[in-house]
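Each value in this text was obtained by applying a stated rule to the coordinates, not by laboratory testing. Being a predicted model, the structure only gives us computed values, none of them experimental. So basically every Cβ, Gly included, is an ideal-geometry build from the backbone, and we count neighbours across all protein chains shown.
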Amino acid sequence: MARGAGFGDVQIFTGTAHPGLAAKIASYLGIRLGDALVGRFPDGEVNVKINEDVRGNDCFVVQPTCPPVNDSLMEALLLIDCLRRSSAGRITAVFPYFGYARKDRKDEGRVPISAKLVANLVVSAGVDRVLALDLHAAQIQGFFDIPVDHLFSSPVMVRHLQSMGLKDIVIVAPDVGGIKMARAYAKSLGAGLAIVDKRRISPESAEAVHVIGEVEGRTVVLVDDMISTAGTITEAAKTVKAHGAAEVFICATHPVLCGPAVERLSKAPVSRILVTDTIPPAVSSGIRNLEVLTISELLGEAIRRIHVSESVSSLFL
C-alpha cells in the first residue's frame, strides 16, 4: 500500500476475538497481518506483545468486542496501549462489532451508561480514531472525543439482495427503533416500508402486536443491526407471516446469537437469514438457512482510505 500523509507503512494487528476477519482485511489490502502475541498468563490475565517494529507507522487494531466481551475488550485495550508505548505513528481501533452499545443512556434510575464508559476506556488507552460498523445507537459516535467513522453493512446486504432477484419487496423494521435503518434499505432497493408494532414483556422477550404498512402477498425483508436472543426478530417474522407475507427474509449485521437464539431462528418462518462476519459464526452453524456475508472488503477499503487520507464518507451510504 501507499504511505499515508505523515505516516509510515500501514500495519494491522488483532487479538483472539476474530483473527479470520483481520486476515481477510489484510489480504484485501495486500499486506500481511501484524505479528503480535495475544495470550493468557496462568491466572487468566491477558498477555500482549508486539513482535515487530511499529515506530511511526499507521496501525489498525481490528477487534470485535464479541463474546466473551470482557476478554475481547481487554485484548483491544492492551494492544492499543502496547502500540502507543511502542511509538506507533497513529492508532485506529476498528470495531466491527462494538459491545456494551445497548446501554447508551440512563433509561431508569441507578444504571450505568456502559457505552460511554467503554468509549472513555478506548480513548484513554491511546487511540487516535475509531472505525465502527452498525453501532447499536448512532449517538455513540459522540461518546468518543476523537474522530469516529461509522460504517453500515447495508451496501453489502443490498448488493446481495439484488443478486437474489427478489420481487415485490417490502422492507420491515421489527420495532419502531429500526425505522431509520429500514428506510435506508427501502430507498436503496426501491422497496416499500412497513413496521412491526411491538410490546416488550421483559428484557429477554417481546410480543409483536400488529403491522403498520402493507405486507400481504409480498416478499418481506426484516432488517436489524443485531440478533441477540432473536426474540424480537422471530416474533416480527411470525407477525408478518400472520398478516399474509408470501416469503420472509432476515438481514442483520451482527449475529450475537446468545441464549435461545439458534433454536428460535431454526423454528422461525423465514426462507433465509443473512448476517455478516463481524462476529465469528461458530455458534450459528446449527441454523440451516443462515448465510454469512463478509464485510472484510468494506472495512479494508475504509482502512485504505483512512491511511491515504481519502474521503470515507461515500462508504457510509
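Sorted from fewest to most neighbouring beta carbons within 10 Å, what does the list CYS59, CYS82 look like? Before the final figure, lay out the partial values.
Numbers: CYS59 29, CYS82 23.
Going from least to most buried by this count: CYS82, CYS59.
Using Cα-Cα distances under 8 Å and only pairs 6 or more residues apart, what relative contact order does the chain have, in percent?
Values: 681 pairs, mean separation 45.3, N = 317.
It comes to 14 percent, rounded to a whole number.
Output needed for the chain: three equivalent-ellipsoid semi-axes, defined as square roots of 5 times the C-alpha gyration tensor eigenvalues, in descending order, whole Å.
Details: eigenvalues 254, 88, 61 Å².
Here the semi-axes work out to 36, 21, 18 Å.
Taking K and R as +1 and D and E as -1, what net charge do the other residues with C-beta under 11 Å from the C-beta of VAL248 add up to?
Details: positive: ARG218, LYS238, LYS241, ARG272; negative: GLU247.
Net local charge, VAL248 excluded: +3.
Can you give the extra length, in nm with one decimal, that the chain gains between ARG272 and ILE31 once fully stretched, where that is 0.36 nm per residue apart less the Cα-Cα distance?
On the way: separation 241, 0.36 × 241 = 86.76 nm, distance 3.44 nm.
Separation in residues times 0.36 nm, less the Cα-Cα distance, equals 83.3 nm.
What is the extension gain from ASP43 to LEU315, computed as 0.36 nm multiplied by their sequence separation minus the C-alpha to C-alpha distance, in nm to one decimal? It would help to have the intermediate numbers written out before the result.
Numbers: separation 272, 0.36 × 272 = 97.92 nm, distance 4.26 nm.
Separation in residues times 0.36 nm, less the Cα-Cα distance, equals 93.7 nm.
Restrict the search to the range 20-89; then list the GluC sites (Glu not before Pro) that DSSP places in a loop and that have at most 13 other Cβ atoms within 10 Å of their Cβ.
On the way: sites: GLU45, GLU52, GLU75; in loops: GLU45, GLU52.
Taking the range 20-89 and a limit of 13 other Cβ atoms within 10 Å, the loop GluC sites (Glu not before Pro) found are GLU45, GLU52.
Quickly rank 26-35, 165-174, 119-128 as a protection proxy: mean count of other C-beta atoms within 10 Å, highest first.
Values: 26-35: 15.9, 165-174: 19.9, 119-128: 17.9.
Order by mean packing, descending: 165-174, 119-128, 26-35.
What order do you get for 248-257, 291-300, 223-232, 107-116 when each peptide is scored by the mean count of other beta carbon atoms within 10 Å, highest first?
On the way: 248-257: 25.5, 291-300: 19.1, 223-232: 23.0, 107-116: 11.2.
The densest-packed peptide leads the list: 248-257, 223-232, 291-300, 107-116.
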